[in-house]
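A short write-up of the structure that comes next.
The values are calculated or read from the model by the stated rules, or taken from the named source; none is laboratory data. Keep in mind that this is a model prediction, so the values were computed, not measured. Virtual Cβ from ideal backbone geometry, glycine too; neighbours counted across all protein chains shown. Remember, those area values only see protein heavy atoms, side chains included, never the ligands or the DNA or RNA. Shrake-Rupley method; radii C 1.70, N 1.55, O 1.52, S 1.80 Å.
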Amino acid sequence: MPAASPRPEQPIQYDAGTQTFRLDGAGVSYVFGVNEKGELQSLYWGQALGPSDNFPQAHSRPQWASFDLPVNTTPQEFVGWGGGLYAEPDLKITFPDGNRDLVLHYVSHAIHDRTLTVVMKDISRDVYVSLEYRIDEATGILRRSATIENRTNQPFTIEEAYSATWNLPSADDYELRTLTGRWAGEFDLHEVPMQPGKTILESRRGSTGQQNNPWFAIERGNSGDEDQGDVWFGALGWSGSWQIVVEQNQAKQVRVTGGFQPFDFAYVLHPGESLQMPYFYAGFSHQGIGGASRLFHRFQLSTIVPEAPPPRVRPVLYNSWEATEFAVDEAGQEALAERAASIGVERFVMDDGWFGERNSDHAGLGDWWPNPQKFPHGLKPLIDKVHSLGMDFGLWVEPEMVNPDSQLYREHPDWVLHFPGRPRTEARNQLVLNLARPDVKAYVLTSLDKLLTDNDIAFLKWDYNRNWSEPGWPSAPIDEEKEVYVKYVQNLYAILQELRTRHPGVEIESCSGGGGRVDLGILRYTDEVWPSDNTDPFDRLSIQSGFTYAYTPSVMMAWVTDSPSWMNHRSSSLTYRFLSAMQGSLGIGANLNQWTPEDFAAAKKLVEQYKEIRETVQHGSLYRLISPLHGSEFSSTETVSTSENQAAVFAFLHSSQMGYPFPRLRMRGLDPKANYRMRMLDGKAAEDTPASASGAYWMNAGIQIDLRGDFQAALFTLERTSAGTEVGSE
Ligand code: GLA
């Protein structure tokens with residue numbers, strides 16, 4: 001790599017002599033250039049290069065015999081389907097004259113407001129694509145998107161459209177991590193060696209889905225250590241049907257392409273119209289998968305979540321669902337609110353059952369006004385009561401759905417997704433409103449706006465309890481019906497944004513029967529997500545661990561519910577349940593009407609403990625010390641506060657086997673020279689554990705905790721007592 005003139009300290013640079021673009025941030029460099037044909041060729045992505053390193057002009061790679069033309073051997077940033085391409089194209093178009101060949105070449109670029117825009121155009125037709133690049137200087141995480149523009153004088157049909165392609169350096173020892181799952185079993189982490197061929201991660205469900213999460217991480221080699229190794233990772237910010245294609249081609253090149261799901265997709269772009277693709281975020285870490293997730297957490301907190309930066313700590317929440325299900329009323333909720341307040345809860349949330357004729361899941365969805373029998377004076381008396389107890393008030397809604405047994409459906413049976421004359425398949429006795437329709441969008445916005453205007457509501461739990469079937473939109477022009485996959489989600493985002501603008505204090509949780517709509521698209525409009533309806537504290541250890549590979553624990557709601565678990569009938573202690581939930585944003589969903597005075601006393605103490613560590617847990621740097629995955633009998637996490645003054649450490653024992661002790665826990669991320677005092681909040685440490693020692697001691701000699709039996713848990717903190725230079729001089 002020849003040296004060129006030193007580069008100014010700019011995150012985005014363009015070298016006109018070589019036609020190369022370079023983005024730099026937080027120890028990461030990303031380089032691509034215009035090659036001799038005008039294609040945008042990927043050149044480098046990884047650890048930061050020297051400030052004056054430069055690349056020569058990009059040159060397309062030679063073909064491989066007559067079978068793989070250079071278009072297949074040259075890694076490109078964004079490539080149309082044309083000219084003999086066999087990889088997943090970023091864009092495929094059918095033109096009205098039958099032409100389907102699309103070859104995009106560089107036209108121009110601009111750097112404005114820390115954003116690089118590179119414009120490409122088809123070699124003969126006025127199809128323009130503007131690629132947008134941004135790099136976050138604190139984390140080196142890139143954000144890419146593409147906007148397709150029709151400047152021809154006829155409409156054309158987009159059949160495949162992706163946001164971006166990420167090309168990795170050539171290597172043949174990559175390992176791919178993905179997150180898959182199903183209802184009550186979300187965020188299941190998989191690690192597989194990459195092989196030639198494609199891995200398709202996708203949802204065809206109309207929303208993000210539990211089956212695959214739109215996240216990937218690829219490690220070069222397998223360091224076997226969470227905090228070592230080179231990892232490339234990314235996530236798509238889209239809450240509709242999506243696809244990410246991870247492909248290792250015949251030359252062992254790895255590329256990752258993500259955007260709209262092409263199955264059952266078509267989008268007609270009329271002259272003068274444009275279509276922007278969702279953001280696809282990606283980063284690089286030299287500190288292994290642990291470093292990758294810490295970077296991503298930091299990025300999400302500083303850049304994605306709505307109130308960023310800096311996000312507020314999440315309040316301790318109580319939710320009435322598992323206590324009452326649909327049997328809610330004013331007196332019952334007030335009694336629960338009093339009990340919740342007594343243990344230090346800060347937000348009281350009334351779940352399903354409060355509106356319309358909602359006495360079971362058979363009726364009421366769509367009718368967003370308080371049920372007059374259950375709340376004869378509206379919600380105000382309950383909300384006032386909750387406020388008088390020092391808590392704010394939250395409410396459950398499921399605005400995108402309708403029960404056929406509802407006033408809304410009786411008035412507007414045509415408002416749901418359906419194909420005329422075909423069955424309307426119900427799930428949980430409900431149908432999906434077609435949010436792509438302007439009148440449906442207006443109804444949802446107006447009814448929620450009224451609810452928030454009439455009532456002092458601080459929080460909405462926004463649920464979405466089924467996926468699509470029969471995704472027809474009969475009132476749309478026939479060739480535009482399939483745009484429902486895009487327009488639905490655009491309108492959903494617009495409603496969320498408008499509600500936030502009109503009611504700036506309101507926070508929102510994205511829930512979809514658990515973690516069915518968790519992605520970086522919805523997280524731009526919602527403050528937290530519900531990872532799973534499965535609240536069994538042991539199952540949650542794996543679900544939550546998987547979650548943290550992709551998303552920050554700050555947005556991860558975790559509830560303490562009753563034992564035995566409704567889900568699997570497993571019994572566990574209140575402390576175990578609390579400690580499992582305290583690794584995220586703490587909620588309590590138990591039936592407080594059945595708690596004993598001892599339960600209340602224990603819960604009060606645990607909520608106090610949580611408040612001492614929550615800022616660390618929610619905003620700090622997470623180290624997964626021992627993974628609960630792969631059937632491990634132990635697990636442990638450590639989170640170090642951003643100030644490095646506190647570490648909070650959780651340890652869980654599933655079931656003692658053969659009397660082996662809990663593995664010695666060696667801390668990470670402390671200041672080796674500072675002193676830290678150890679404070680055991682729950683559980684026991686070995687007798688010879690020092691009360692105070694240096695970060696170097698805790699990180700190298702470590703801590704032996706004493707856990708025995710089944711479903712046991714411990715929580716301790718390390719609190720800095722001296723500055724880094726004053727070792728041993730507390
Ligand atoms: C979904 C949610 C639950 C609860 C119910 C209410 O299942 O995940 O937490 O809100 O809906 O019907």
Applying the gyration tensor rule to the Cα atoms of the range 412-509 (axes a ≥ b ≥ c; rounded if a/c under 1.5, else prolate if a/b exceeds b/c, else oblate), the class is prolate
Please find the FRET efficiency linking Glu357 to Gln250, where r is the Cβ-Cβ separation and R0 is fixed at 60 Å, and quote it to the nearest 0.05.
0.50
So between Asp449 and Ala723, what do we pick up on full extension, going 0.36 nm a residue minus the alpha carbon distance?
93.6 nm
Using R₀ = 41 Å, calculate the FRET efficiency as 1/(1 + (r/R₀)^6) where r is the Cβ-Cβ separation of Met567 and Ser692; round to 0.05.
0.45
Could you do me a favour and compute the accessible area per residue for the chain, 1.4 Å probe, result in Å²?
36
Would you tally the net charge around Ser274, using a Cβ to Cβ cut-off of less than 13 Å, leaving Ser274 out, and scoring K and R as +1, D and E as -1?
-3
Taking placed amide H atoms and a strict 5 Å upper bound, the residues 5 or more places from Gly724 or on another chain that come that close are none
When the helix-only estimate is applied to the chain (DSSP H runs of n ≥ 4, each -39,500 (n - 2.57), divided by the residue count), what is the mean residue ellipticity at 222 nm, nearest 500 deg cm²/dmol?
-5500 deg cm²/dmol
Along Cα→Cβ, 7 Å out, is where each label goes; now give me the distance between the ones at Ser223 and Gln154 in nm to one decimal.
5.5
Extension gain Ile123-Arg677, at 0.36 nm per residue separation less the Cα-Cα distance, in nm?
192.8 nm
Restricting to lysines and to Cα separations under 20 Å from Lys605, and discarding same-chain partners fewer than 8 apart, the set is Lys684
Show me the ranking of peptides 523-536, 480-493, 148-161 by mean Cβ neighbours inside 10 Å, starting with the highest.
523-536, 480-493, 148-161
Note on the range 282-436: contact order normalised by length, alpha-carbon pairs under 8 Å, 6 or more apart, percent, works out to 19
Over the chain, calculate the relative contact order: mean separation of alpha carbon pairs under 8 Å at least 6 apart, over the residue count, as a percent.
9
Set of lysines with alpha-carbon distance to Lys482 below 28 Å, sequence-local pairs under 8 removed
Lys92, Lys121, Lys198, Lys441
Rounded if a/c is under 1.5, else prolate if a/b is larger than b/c, else oblate: which is the range 578-663, with a ≥ b ≥ c the root eigenvalues of its Cα gyration tensor?
oblate
Compute the signed sum of charges (Lys and Arg +1, Asp and Glu -1) over the other residues within less than 11 Å, Cβ to Cβ, of Asp90.
0
Note: Arg424 to Ser656 extended length (0.36 nm per residue) minus current alpha-carbon separation gives 78.4 nm
How high is the FRET efficiency from His270 to Ala308, r the C-beta distance, R0 25 Å, rounded to 0.05?
0.10
Write down the Kirkwood hydrodynamic radius of the range 1-111, to one decimal in angstroms, obtained as one divided by the mean of 1/r over all alpha carbon pairs.
15.4
Express in Å², to the nearest 10, the accessible area of Glu608 obtained by rolling a 1.4 Å probe over the protein heavy atoms while all chains stay in place.
100
Carbon plus sulfur, as percent of the 1.4 Å-probe accessible area of the chain, comes to 50
Listed by chain and number, the lysines with an alpha carbon less than 20 angstrom from that of Lys380, same-chain partners under 8 positions apart left out, are Lys450, Lys461
Packing-based ranking, highest mean first, of 683-695, 547-559, 231-243 given that Cβ atoms within 10 Å are counted:
231-243, 547-559, 683-695
Given 664-670, 515-521, 181-187, the highest-first ranking by average Cβ count within 10 Å works out to 515-521, 181-187, 664-670
Semi-axes, largest first, in whole Å: what does sqrt of 5 times each Cα gyration tensor eigenvalue give for the chain?
43, 36, 21
